[in-house]
Every structure is written in C-alpha cells, then in structure tokens.
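Undergrad: I have a structure here, written as structure tokens, and I will follow up with some questions on it.
The values are calculated or read from the model by the stated rules, or taken from the named source; none is laboratory data. Since the structure is predicted, the reported quantities are computational estimates derived from the model, not experimental observations. Cβ: placed from backbone, ideal geometry, glycine included. Neighbour counts: every protein chain shown. For accessibility, only protein heavy atoms count, side chains too; no ligands or nucleic acids. Shrake-Rupley method; radii C 1.70, N 1.55, O 1.52, S 1.80 Å.
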Amino acid sequence: MAPLTAKQARLHLKAVPTWSKRAQTIQRTFKFEGFLKAIDFVNRVARKAQKSNHHPDIDIRFNKVTLKLTTHDEGGLTEKDFSLARQCDEVFSKYFTP
C-alpha cells in the first residue's frame with residue numbers, strides 16, 4: 001500500500017477530525033474516568049490492531065491514552081492508519097454511550 005500524498009492525508013483527516021497530523025503520523029489522546037478504563041480501551045484497540053496486523057504506538061498516562069499511527073513499512077501515512085483511527089474512535093465511543 002503506497003503512502004498517501006499530503007492532499008490525500010488532509011482529505012482522510014476530515015473523516016477523523018479529533019485526530020491531528022504530526023509529520024508522518026496521526027495521533028489522538030483519549031481521556032477516561034480512571035486507569036482501568038484506559039487499560040481496557042488499550043486492550044480493545046490491541047485486539048483490533050492485531051486482527052488487521054497494524055499496530056499503533058501507545059502512550060499510557062494514568063487515565064490518558066495517546067495513540068500514534070503511521071505505516072512504518074511504507075514510510076508514511078496510508079489508508080490503514082485512517083481505518084484503524086476510525087476503529088479506535090468507535091471503541092472509544094462505547095465508553096460514553098447514554
């Protein structure tokens with residue numbers, strides 16, 4: 001899968017507006033009501049990442065989880081990154097359903 005052009009990446013970013021682009025990555029910080037919920041989120045994301053064989057860089061700080069996505073073997077952002085970002089957003093949304 002070829003890396004996206006800057007223009008393509010900007011268009012894909014519109015579909016995940018809570019993510020931000022930093023160099024050749026996209027990232028988002030998720031905030032939870034406590035450490036255990038943050039870890040549960042990470043575990044759910046890990047299962048999705050493993051299934052798609054596309055793994056984020058993960059930084060856990062108590063109740064905050066920052067995910068960074070890039071396609072290392074392609075040297076930049078690809079559609080895989082935006083697909084996993086959407087999946088992560090879906091997982092996160094389940095923590096705040098009314």
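So that you can scan it fast, the table gives a plain yes or no per residue for (1) out of contact with any strand residue (DSSP E or B) (no Cβ under 7 Å at 6 or more places or on another chain); (2) more than 18 Å from residue 77 (Cβ to Cβ):
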position	(1), (2)
28	no, no
32	yes, yes
42	no, yes
59	no, yes
63	no, yes
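Undergrad: Within segment 77-98, track down each residue that is modelled with pLDDT under 95 and either of a type in the set (D, E, K, R) or under 15 Å from residue 21 (Cβ atoms) (or both).
TA: 94
Undergrad: Which of the residues that make up segment 1-31 are among the β-branched types (Val, Ile, Thr), in a loop (DSSP other than H, G, I, E, B) and under 16 Å from residue 54 (Cβ atoms)?
TA: 16
Undergrad: Specify the residue that is nearest to the chain's Cα centre (by Cα); the eligible residues are those in segment 54-64 that are open to solvent by 60 Å² or more (accessible area, probe 1.4 Å) and over 23 Å from residue 82 (Cβ atoms).
TA: Looking at residues that are open to solvent by 60 Å² or more (accessible area, probe 1.4 Å) and over 23 Å from residue 82 (Cβ atoms), I get 61.
Undergrad: Mind checking whether some residue in segment 58-75 is touching a Phe, Trp or Tyr at 6+ places or on another chain (Cβ under 6 Å), part of a strand (DSSP E or B) and in contact (Cβ under 8 Å) with a residue 60 or more places away in the chain?
TA: Scanning segment 58-75 turns up no residue that is touching a Phe, Trp or Tyr at 6+ places or on another chain (Cβ under 6 Å), part of a strand (DSSP E or B) and in contact (Cβ under 8 Å) with a residue 60 or more places away in the chain.
Undergrad: Moving on to the next point. Residues in segment 1-53 that are open to solvent by less than 70 Å² (accessible area, probe 1.4 Å), free of Cβ contacts under 8 Å to residues at least 40 places away in the same chain and within 13 Å of residue 95 (Cβ to Cβ): how many?
TA: Matching residues across segment 1-53 total 5.
Undergrad: Hey, does segment 49-71 have a residue that's at negative phi and of a type in the set (Gly, Ala, Ser)?
TA: Within segment 49-71, one or more residues are at negative phi and of a type in the set (Gly, Ala, Ser).
Undergrad: Also: Tell me, yes or no, whether segment 82-98 has at least one residue that is acidic (Asp, Glu) and part of a helix (DSSP H, G or I).
TA: Yes: segment 82-98 contains one or more residues that are acidic (Asp, Glu) and part of a helix (DSSP H, G or I).
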